[in-house]
Amino acid sequence: GAVVSQHPSWVICKSGTSVKIECRSLDFQATTMFWYRQFPKQSLMLMATSNEGSKATYEQGVEKDKFLINHASLTLSTLTVTSAHPEDSSFYICSASSGLNEKLFFGSGTQLSVL
Amino acid sequence: GQQVMQIPQYQHVQEGEDFTTYCNSSTTLSNIQWYKQRPGGHPVFLIQLVKSGEVKKQKRLTFQFGEAKKNSSLHITATQTTDVGTYFCAGASNTGKLIFGQGTTLQVKP
């Protein structure tokens, strides 16, 4: 099956720093990538939809200036958590699909811990 | 907005017993997908249902999509310890956006 690579797997940073997470589709072109946030033992909360070559669409309540998304190519989307604070600590996971209503392939996730 | 409710939140079964998780959407879906997430892992796609009333089977797993395309279920026959994990349904609207249910965490006692 298709592979989505997400890096880093985990990151620990100081409060106030910015963290960039990369999501790559390795063997298919992903016109759309999705970024989710998952708290322990909870569901995946959609943060934003990343469209190649255009601005990301953010879900209600998600600060676009806080969570910067760039989808510069058909195989790469990045999520930057700017000026991270402890409440931003979470599991962030990306997914990609090859088209509308197609199944999602998930990255392995990034565990962010902000001290 | 669109909501997808999933029950139960947790289920403990004895190995060999059956298990069912139910998913209900507040709106009609274009399709519904099911994913499994093992502890510490990421969600893995299981199946997609598109047609009204559709039933699909994968070995001991049976997936159903309701006639109104607003509800779905996953049934596992004779559970095994390898079935342990959290099962998520995800409903797709006509815009293609997937909304995940809360998930059902299955524990299987050997």
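The values are calculated or read from the model by the stated rules, or taken from the named source; none is laboratory data. In this text the structure is predicted, and so the values were computed from the model without any measurement. Please note: Cβ atoms are built from the backbone with ideal geometry, for glycine as well, and neighbour counts cover all protein chains shown.
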Residues of region B:49-77 satisfying the condition of being of a type outside the set (Ser, Thr, Tyr) and in contact with a Lys or Arg (Cβ under 6 Å, 6 or more places away or on another chain)
B:PHE63, B:ILE76
Go through (1) surrounded by 16 or more Cβ atoms within 10 Å (Cβ to Cβ); (2) farther than 11 Å from B:TRP34 by Cα one by one and return the number of the condition B:PHE88 breaks.
(2)
So which residues in region B:21-34 are within 11 Å of chain A (Cβ to nearest Cβ) and in contact (Cβ under 8 Å) with a residue 60 or more places away in the chain?
B:LEU29, B:SER30, B:ASN31, B:ILE32, B:GLN33
Only one of A:LYS64, A:LYS20 is part of a strand (DSSP E or B) and either under 11 Å from the mean Cα position of the chain (by Cα) or at pLDDT 90 or above (or both); which?
A:LYS20
Mind listing whichever residues of region A:58-85 are closer than 30 Å to B:ILE7 by Cβ and either in contact (Cβ under 8 Å) with a residue 12 or more places away in the chain or crowded, with 16+ Cβ neighbours inside 10 Å (or both)?
A:TYR58, A:GLU59, A:VAL62
Flagged in region B:51-110 as outside any strand (DSSP E or B) and either within 21 Å of A:LEU46 (Cα to Cα) or under 11 Å from the mean Cα position of the chain (by Cα) (or both), in numbering order, are B:LYS70, B:SER93, B:ASN94, B:THR95, B:GLY96, B:LYS97, B:GLY101, B:GLN102, B:GLY103
Go through region B:90-106 and give me each residue that's within 10 Å of B:GLN6 (Cα to Cα) and within 7 Å of chain A (Cβ to nearest Cβ).
B:PHE100, B:GLY101, B:GLN102, B:GLY103
I need the full set of residues from region B:10-24 which are part of a strand (DSSP E or B), within 16 Å of B:TYR87 (Cα to Cα) and of a type outside the set (Phe, Trp, Tyr), in order please.
B:GLN11, B:HIS12, B:VAL13, B:THR20, B:THR21, B:CYS23, B:ASN24
Looking at this structure, is A:ALA72 part of a strand (DSSP E or B) and more than 11 Å from the chain's Cα centre (by Cα)?
yes
State whether one or more residues within region B:71-89 are within 8 Å of chain A (Cβ to nearest Cβ), in contact (Cβ under 8 Å) with a residue 60 or more places away in the chain and under 21 Å from B:HIS42 (Cα atoms).
yes
Does region A:28-51 contain at least one residue that is more than 14 Å from chain B (Cβ to nearest Cβ), among the small types (Gly, Ala, Ser) and assigned to a loop (DSSP other than H, G, I, E, B)?
no
Return only the number of the condition from (1) among the β-branched types (Val, Ile, Thr); (2) away from chain A (no Cβ under 14 Å); (3) in contact (Cβ under 8 Å) with a residue 24 or more places away in the chain that B:THR62 does not satisfy.
(3)
Does region A:91-109 hold any residues that are more than 10 Å from every other protein chain (Cβ to nearest Cβ) and modelled with pLDDT under 95, and which are they?
A:ALA96, A:SER98
